[in-house]
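Participant: One structure follows; several queries about it will come next.
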Amino acid sequence: MKLYNTLGRKIEEFIPYNKDCVTMYTCGPTVYHYAHIGNLRTYIFEDILEKTLKYLGYNVKRAMNITDVGHMTSDSDTGEDKMLKGAIREHKTVYEIAEYYTNAFKSDTEKLNIKWPEIVSKATDHISDYIHIISVLLEKDIAYPAGGNIYFDVSKVKDYYELSGKNAEDLIVGARDDVTEDINKRNPADFGLWFTSSKFDDQAMKWDSPWGVGYPGWHIECSGISIAYLGEYLDIHCGGVDNVFPHHTNEIAQSESYLGHHWCNYWCHGEHLNDSTGKMSKSKGEFLTVSLLEEKGYNPLSYRYFCLKSHYRNQLVFSYETLTQTENEYNKLLNKIKSLKEDGTLEQEKITLYQDKFKKALENDLNTSSALTVLYDVLKDEMNDTTKLYLVKDFDQVLSLSLLDNKEKEIDENLKAWILEQIEKRNEAKKNKDYETADNIREELKSKGIQIKDTREGTIFEII
Ligand code: AMP
Ligand code: ZN
């Protein structure tokens, strides 16, 4: 498997710490509003990555956080508190906001066939872990108190800018005008680990800590949750490209300083979905959500298909026109699959040939558009429909486009007659106590994708 690694900025062979259990961490949503379809593009890419690894035979243990504690709207540690902003907007408590939008996010992922990671943890459930990490960083003199807050001192870390490939000057030039500098910091790149004193006097979520009642900084939750569930060595960490700096850069700085060793080997980032005006946003332009697409009559899976048609590292521009075209194409694909009939037994050579092609496409840094081409090649091939259906089902474990959901199994009459004949022969063999022949027939059917079951009403069969 080859993956583009932001750390080092090149495509690399994926070699996990432990091939029996690949660990994967993906930054989760800030639940102060609905996710827009841009956010969901990133979750689709991560879903494909997890499913590809599983398809290739790895066991994957994946964790994701839900950011339900107030953080800032800006890319710096300043700006407005997103959760509080949501609460004020909707006249609710921050806890109600978090619960409502977590459920909304879950429902969006279900509509897009995005698997919910096996470990999903709220940021607010791990406060004691963050306090522990921060205490260790203070002991090591990598963090410092100032003005009632605790900050991470980036000058203590060698290679602080390695992931982003930037330098301090680039970042100063790129800083936004509306960001007011925090005067407590020793240098502008330092970031907050714990706040007891901030401009948010009405911060609703606060916890006791050795440094006073307060709340954690933006980045510490992902280090804390990842280490708590996935251990001290992480294989893959994902997010959207905007997470590279400062979020992931700061995660590396604090995790490695705390652990005292290298932490995560592969950093994978999905490119943005843009609208015609540029970067998608929740506050300007049309707020594009899955529900809005549904209201306009689109199937959410057409959007998934739209994302899979392009490479996750390319920017993608959304327009209704393109989505309409994509939906037509997706529907044609579904109809084509619907017309397939079980008409023979599995052609093993074809299965191996196309599975290899499908794997090769995905192993090439998740080339989903090539993987879709392999699917189309299967449908065009001369092989029988039973084999096509088998491969469609197999590929859909990764693509998750519900390719067979509307398909009732129709079985060609010739195939049915042949299976019934085999069942008859098997029953005959059993009657004659020739169990070896009976077992051989069962195994032969199984190898061709036909499962038989003896019931009180007689032997029944199912195409698997
Ligand atoms: P947030 O809820 O803002 O923390 O974002 C959730 C995820 O969506 C993060 O991994 C972001 O990097 C990603 N993201 C934000 N905007 C976009 C976009 N326009 N296209 C793709 N991913 C995005
Ligand atoms: Zn994160």
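The values are calculated or read from the model by the stated rules, or taken from the named source; none is laboratory data. The shown structure was predicted, so the numbers you read here are calculated from the model rather than taken from an experiment. Cβ coordinates were reconstructed from backbone atoms using ideal geometry, including for glycine residues, and neighbour counts include every protein chain displayed.
Participant: One residue is enough: does segment 224-235 have a residue meeting the conditions charged (D, E, K, R) and under 27 Å from the mean Cα position of the chain (by Cα)? Let's see the steps before the verdict.
Facilitator: Within segment 224-235, the subset charged (D, E, K, R) is 232, 235.
So of that shortlist, the ones also under 27 Å from the mean Cα position of the chain (by Cα) come out as 232, 235.
Within segment 224-235, one or more residues are charged (D, E, K, R) and under 27 Å from the mean Cα position of the chain (by Cα).
Participant: Condition first: more than 16 Å from ligand 2 (Cβ to nearest atom) and touching a strand residue (DSSP E or B) at 6+ places or on another chain (Cβ under 8 Å). Now tell me which residues in segment 1-14 satisfy that. If you could, list the steps in order and put the result at the bottom.
Facilitator: Our first condition is that a residue be more than 16 Å from ligand 2 (Cβ to nearest atom); within segment 1-14, this holds for 1-5, 8-14.
Across segment 1-14, the qualifying residues are MET1, LYS2, LEU3, TYR4, ASN5, LYS10, ILE11, GLU12, GLU13, PHE14.
Participant: So, in segment 18-37, exactly how many residues are within 13 Å of ligand 2 (Cβ to nearest atom) and among the aromatic types (Phe, Trp, Tyr)?
Facilitator: Final tally of qualifying residues: 1.
Participant: Further question on the same structure: Just give me the residues in segment 36-72 being small (Gly, Ala, Ser), on the phi < 0 side of the Ramachandran plot and either away from ligand 1 (no atom under 15 Å from the Cβ) or buried (at least 24 other Cβ atoms within 10 Å of the Cβ) (or both), in sequence order.
Facilitator: Within segment 36-72, the first condition is being small (Gly, Ala, Ser), and the residues that meet it are 38, 57, 63, 70.
Those still in the list that are on the phi < 0 side of the Ramachandran plot too: 38, 63, 70.
Scanning segment 36-72 gives a single hit, GLY70.
Participant: Further question on the same structure: Considering (1) away from ligand 2 (no atom under 16 Å from the Cβ); (2) under 26 Å from PHE306 (Cα atoms), say which one TYR58 fails and leave the rest.
Facilitator: (2)
Participant: Hand me the list of helices (runs of 4 or more DSSP H) wholly inside segment 208-327 holding 1 or more residues that are within 11 Å of ligand 1 (Cβ to nearest atom) and over 30 Å from LEU403 (Cβ atoms). Walk me through it before giving the result.
Facilitator: Working: elements: 220-230, 249-259, 290-295, 300-308.
It comes to 220-230.
Participant: Which of (1) within 16 Å of ligand 2 (Cβ to nearest atom); (2) closer than 23 Å to LYS166 by Cβ does ILE225 not meet, given it meets every other one?
Facilitator: Result: ILE225 passes all but (2).
Participant: For GLU321, work out the one condition from (1) away from ligand 2 (no atom under 16 Å from the Cβ); (2) in contact (Cβ under 8 Å) with a residue 60 or more places away in the chain; (3) surrounded by fewer than 19 Cβ atoms within 10 Å (Cβ to Cβ) it doesn't fulfil.
Facilitator: (2)
Participant: Can you find a residue that is of a type outside the set (Phe, Trp, Tyr), closer than 15 Å to GLY192 by Cβ, in a helix (DSSP H, G or I) and assigned by TED's automatic domain parsing to the domain that holds LYS61 anywhere in segment 101-124? Spell out how you get there, then give the answer.
Facilitator: Our first condition is that a residue be of a type outside the set (Phe, Trp, Tyr); within segment 101-124, this holds for 102-104, 106-115, 117-124.
Narrowing the set further to residues that are closer than 15 Å to GLY192 by Cβ leaves 123.
The next check asks that each one be in a helix (DSSP H, G or I); those that pass are 123.
The next check asks that each one be assigned by TED's automatic domain parsing to the domain that holds LYS61; those that pass are 123.
Taking every residue of segment 101-124 in turn, at least one turns out to be of a type outside the set (Phe, Trp, Tyr), closer than 15 Å to GLY192 by Cβ, in a helix (DSSP H, G or I) and assigned by TED's automatic domain parsing to the domain that holds LYS61.
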